[in-house]
Each structure stands twice: as C-alpha cells, then as structure tokens.
Amino acid sequence: MTADHSHSHDHTHPHPVNEDDDMDLTEHEAKFLALKAMLIEQGILDAAEIQARVEVNELKTPHQAARMVARAWVDPAYKARMMADAKQAALELDIPVTEAALVALENTPDLHNVIVCTLCSCYPRSLLGEPPAFYVSKAYRSRTVREPRRVLREFGLTLPEETEIRVHDSNADLRYVVLPQRPDGTEGLSESDLAALVPRDALIGCAFAKTPS
Amino acid sequence: MSTRLVSDIGGKPAGDIPREERRQLFWEKQLIAVVNLLSSKLDITLDEFRRAVEEMSEEEYGRSYLYGRRLDGWLRLLFENGTIDADAHAARTAQILASGSRDHV
C-alpha cells in the first residue's frame, strides 16, 4: 500500500489524508475507489466537493440532539414545540435536519420509547451522525421488535414491568429521536452541563441520561 | 402467503447484539459523501436505493454489512441507469486490487 504521490497521471485534485493507510485494501474499498475515480473522470463529481461533504457530515454528532434535549428539559415551551415539530425545534438551535420528517418521542416513568429500523438503517443522520454498529446490526433489527424488554436489559436498562415499551420502526420518510427523562439531581445545571449528560444511545432509547457525578 | 424481502428481518430470531463500537473507515466516510451528492445530482431516492438492496440474494444479504450494502446497492442503480459502465467498473476495480494501492483517484 502506498500513500505517496508518485503516480504519473496528471491531475490537480487534492488527495485527503487517508487515516486507514495502515489497513489492507479490501474488495469493497477497491470497488468504491473505482466508482469514485469514474465519477470524477466523467465530471459527475469532483474530489473537492466530496471532501467538502465529508467535512459537513462530520459536523453531525449526537451532541446536536443532546442540546435539544437539554433545552427541552429547562424550557417547557421549547419542549412543547419540539414534541409538535422536532425539525423546526432543531432549526431554532441552528441544527438543520434534512430528513423528510423527524418526530420526538418523550420517555416518562410510564412509557419508554426505543428506535429501530428493521428494514435497513434509517436513522436521523443529519441530527445524530452515522448510527452505531449495534443499531445497524441484523441482531438489533431483528430482535428489538420481538423482545424489546430483553434487548434493553442487555443494554443495562431494566425497566419496571409496568413501564410500557414502545418500539418505533423508522423508515425512509420518518425518523425519530428520543427525549430521555431528566435525571434527578440536575436542578440548577446549565444547558451545556445538561447536554453533556445525554449520551448517543439515550437518543435512541437504549440508554438513560447520565446522573451528574 | 406473502414472501418476505431479504431485508425484512424484523422479528426474526437472532443472536447477540454486537456492542463493540466500530470506527467508520475513511472510504466509508467518502462513500456516504458520494451517495449524498449523487442523491441530489441524479435525483435518486432512498426508496430506489432500497429496491436495489432488496434485489440482493438472501446469501449476499446475509453476509453483507452496512457500507458494503450501500456500495453494492448504489452500484446496481448506477449500472442500471447507465451512469457507470459495469464492465469498465469491474476492470478498474481489478486494476486497483492488483496494484494494492489506494492512490488511484
């Protein structure tokens, strides 16, 4: 494998640093490299716009939704707007959600919501970034709709029997984000401190918000 | 009795859910960027992509993983609509694999 630039063909496009240069080239990667080269040569895409899009995508992290959760915890009017129209509520915090529709699901002592995509890997990527490996695994997709209480127990969430569990199956036109319960002992914390208590998996329903240490 | 699509796995028996975090590889990040751009430029919808994935055989689907499915589904669409020539793509892929180098594009 080489990362140098000693090849002879003429071009002016930038080569971004490949942080995986120490890994073997796989057939999938080779198929992708071939596709990318052909798209560039045919003038359909250019390397700079691909890199620019990579950089935009890297700005999408669960912290965006954690900020929404923290705001909802401290501002009942914002929470009402988030429950009514989560996309618009995201925009209030300068978070552009590009999925067709986004619905916020509130967890309470009586109701626990958990998100899955049984058919593929639908996920609110513009809000949370790329989904975690467990979310796209066939085991999670298969089992969560059949035995959610057991799956959640495996994630360390033991819910009282009287708590209803609702599983929401995402699709191409509708994505979800969970509004977890606010932990006890967080009165008086700033929004940024509250946001730090919201892990990615709590936004899917597979974790609780953390309690302050 | 209706036939289930290969991707319709909700409710099927399955084993342990993997809990290990997996870092997105560099080419996978680029793939997502490329399909984001192509979706708008070529006006290809998520439903079209899904249809392409659903045409995988059960065996192919069973051993596939997220980014492999994305790539293969998109390639199928691009071959179908004539954006990319399948034979030329196969030749280019073989050339890259033979060289073992990523430094082609």
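Computed per residue of chain B from DSSP H runs no shorter than four, each worth -39500 (n - 2.57), the mean residue ellipticity at 222 nm is -18000 deg cm²/dmol. For the range A:52-93, the per residue solvent-accessible surface stands at 50 Å², with DNA, RNA and ligands left out and a 1.4 Å probe.
Per-residue ellipticity at 222 nm from helix content only, as computed over chain A with -39500 (n - 2.57) for each DSSP H run of at least four residues, stands at -10500 deg cm²/dmol. If both residues of a DSSP beta bridge must be in the protein assembly as shown, then about 10% of such bridges are antiparallel. Here the translational diffusion coefficient of the range A:170-212 follows from Stokes-Einstein with Rh set to the Kirkwood radius across Cα pairs; for 4 °C and 1.567 mPa s it amounts to 115 µm²/s. A Gaussian network model of chain B, with springs between Cα atoms under 10 Å, assigns the largest mean-square fluctuation among B:ALA14, B:ALA90, B:ALA52 to B:ALA14. Within the straight-line cut-off of under 25 Å between alpha carbons, the lysines reachable from B:LYS41 are A:LYS31, A:LYS36, A:LYS60, A:LYS87, B:LYS29, sequence neighbours fewer than 8 places apart in one chain being disregarded. Taking 7 Å steps out from each Cα toward its Cβ at A:GLU161 and B:LYS12 produces label points 3.3 nm apart. Multiplying each eigenvalue of the alpha-carbon gyration tensor of chain A by 5 and taking the square root yields semi-axes of 38, 21, 16 Å, largest first, rounded to whole angstroms. Taking every C-alpha pair closer than 8 Å and separated by at least 6 residues, the mean separation divided by the residue count of the range A:129-208 gives a relative contact order of 27 percent.
Return the loop-located GluC sites (Glu not before Pro) in the range B:1-46 (DSSP other than H, G, I, E, B) with at most 14 other Cβ atoms within 10 Å of their own Cβ; answer none if there are none.
Counting only loop positions with at most 14 other Cβ atoms within 10 Å, the GluC sites (Glu not before Pro) in the range B:1-46 are B:GLU20, B:GLU21.
Expressed as an acute angle from 0 to 90° and rounded to the nearest 10, what is the orientation of the C-alpha long axis of helix B:86-99 relative to the principal long axis of chain B? Long axis of B:86-99 versus the principal axis of chain B: about 80 degrees. Binning the C-alpha pair distances of chain B at 5 Å intervals from 0 yields a P(r) profile of 2, 9, 16, 20, 22, 15, 9, 5, 1, 0, 0 %, listed from the shortest bin outward. Please give the length that would be gained between A:GLU187 and A:THR211 if that part of the chain were fully extended, namely 0.36 nm times their separation in residues minus their C-alpha to C-alpha distance (nm, one decimal). Result for the pair: 7.5 nm of gain on full extension. Surface composition of the protein assembly as shown: carbon plus sulfur atoms contribute 51% of the solvent-accessible area (1.4 Å probe, protein chains only, all chains present). Of the DSSP H helices in chain A, none is both long (alpha-carbon extent of 27 Å or more along the helix axis) and hydrophobic (Kyte-Doolittle mean at least 0.5). Under 1.5 on a/c is rounded, so check that first for the range A:115-195, then, if it is not, pick prolate when a/b is larger than b/c and oblate when it is not; a ≥ b ≥ c are the square roots of the alpha carbon gyration tensor eigenvalues. Judged from the Cα gyration tensor, the range A:115-195 comes out oblate (a/c at least 1.5, b/c at or above a/b). Once backbone amide H atoms are built at 1.01 Å from N, A:TYR176 has A:VAL103 as its partners under 5 Å, excluding neighbours fewer than 5 places away on the same chain. The A-B contact accounts for approximately 6100 Å² of buried accessible area, totalled over both chains at a 1.4 Å probe radius.
The values are calculated or read from the model by the stated rules, or taken from the named source; none is laboratory data. These numbers come from a predicted model, not from an experiment. All Cβ positions, even for glycine, are placed from backbone atoms using ideal geometry, and neighbour counts span all protein chains on display. The area values use the complete protein model at the heavy-atom level, side chains included, leaving out ligands, DNA and RNA. Shrake-Rupley method; radii C 1.70, N 1.55, O 1.52, S 1.80 Å.
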